[in-house]
1. Filter the GluC sites (Glu not before Pro) in the stretch 76-164 to those in DSSP coil with at most 15 other Cβ atoms within 10 Å of their Cβ, and list the result.
2. For every other residue with a beta carbon closer than 13 angstrom to the beta carbon of Ala110, add +1 if it is Lys or Arg and -1 if Asp or Glu, then tell me the sum.
3. With label points built 7 Å along Cα→Cβ from the Cα atoms of Asp74 and Asp28, find their separation and express it in nm.
4. Over all alpha-carbon pairs of the chain, lay out the pair-distance distribution in 5 Å bins, whole %, shortest bin first.
5. Relative contact order for the chain: what percent, with Cα pairs under 8 Å and sequence separation of 6 or more?
6. Mean 1/r over all different Cα pairs, inverted: what Kirkwood radius does the stretch 108-224 give, in Å?
7. Where only protein heavy atoms count, and the probe is 1.4 Å, what is the accessible area per residue for the stretch 36-145 in Å²?
8. Return the single residue from Asp169, Asp158, Asp117 with maximal mean-square fluctuation; model: Gaussian network over the chain, springs between Cα atoms under 10 Å.
Amino acid sequence: MNDIAANIKAIQDHITQQAFAAKRNAEDIKLVAVSKKQPLKRVQAALDAGHRVFGENRVQEAQERWGELRTQYDDLELHLIGPLQSNKAADAVALFDWIETVDREKIAKALANEMLDQGRDLPCLIQVNIGGEAQKYGILPAQIGEFYHYCRYSCGLDIRGLMCIPPIDEPAGLHFAMMKKLAEEAEFSELSMGMSADYEKAVPLGATIIRVGSAIFGERPSEN
Ligand SMILES: *Cc1c(COP(=O)(O)O)cnc(C)c1O
């Protein structure tokens, strides 16, 4: 499992080099290790290597994985990076430290109510449907301003920025550049974009959160 430690280090080094080339501070770029569907021993190898920031896309799977581990690692930081159903909002607020996928009013309201009930105030990101794809989750770019206003002023959510998953069959850099512009216009401080295949394009375009799964842990077993 040495290779997982080596993978994390290589990616982090790469991010540092790219940040330097882009005249950015590497400390402003957070590497989220996406542990969804990965066997526990691979996740344990990342923990043993000292990594503490992880991403999961399903609430229930994350609870099974992290419910127990949380008690052993009090400096864990868990990011929800997948779509949320409102009946899972309570569990999500209890488990996660960041919610990256606020994508509709109903979810914003459910999260806000739960945070109030549980006395937690989690940093959140608005998921943007940057490619305008019919089947994708997220807010369309033209609606970000209005949705932000709803989240911030009608719900009181701590919205820090934007997150996206670009269309799989189009050049990611194009979409990352659009995201950068949207974030700058709205003066957001956080931009979550870039995965195993394209994080190198995201760093020069202002990503502050990078979500990398298979390049750290290897291919996910039984993906479907
Ligand atoms: C699975 C997933 C990732 C990581 O994907 P890799 O290609 O394995 O790096 C990143 N972001 C989201 C939202 C995901 O669902």
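The values are calculated or read from the model by the stated rules, or taken from the named source; none is laboratory data. On a predicted model such as this, the values are computed, not experimentally measured, just so you know. Cβ: placed from backbone, ideal geometry, glycine included. Neighbour counts: every protein chain shown. Only protein heavy atoms, including side chains, enter the accessible area calculation; ligands, DNA and RNA are left aside. Shrake-Rupley method; radii C 1.70, N 1.55, O 1.52, S 1.80 Å.
1. When the GluC sites (Glu not before Pro) of the stretch 76-164 are filtered for loop state and at most 15 Cβ neighbours within 10 Å, Glu133 remain.
2. -1
3. Inter-label distance under the simple model: 3.2 nm.
4. Taking every Cα pair in the chain, the percentages come to 1, 7, 15, 19, 20, 18, 13, 6, 1, 0.
5. Value for the chain: 21 percent.
6. 15.2
7. 45
8. Maximum fluctuation in the GNM of the chain, among the listed residues, is at Asp169.
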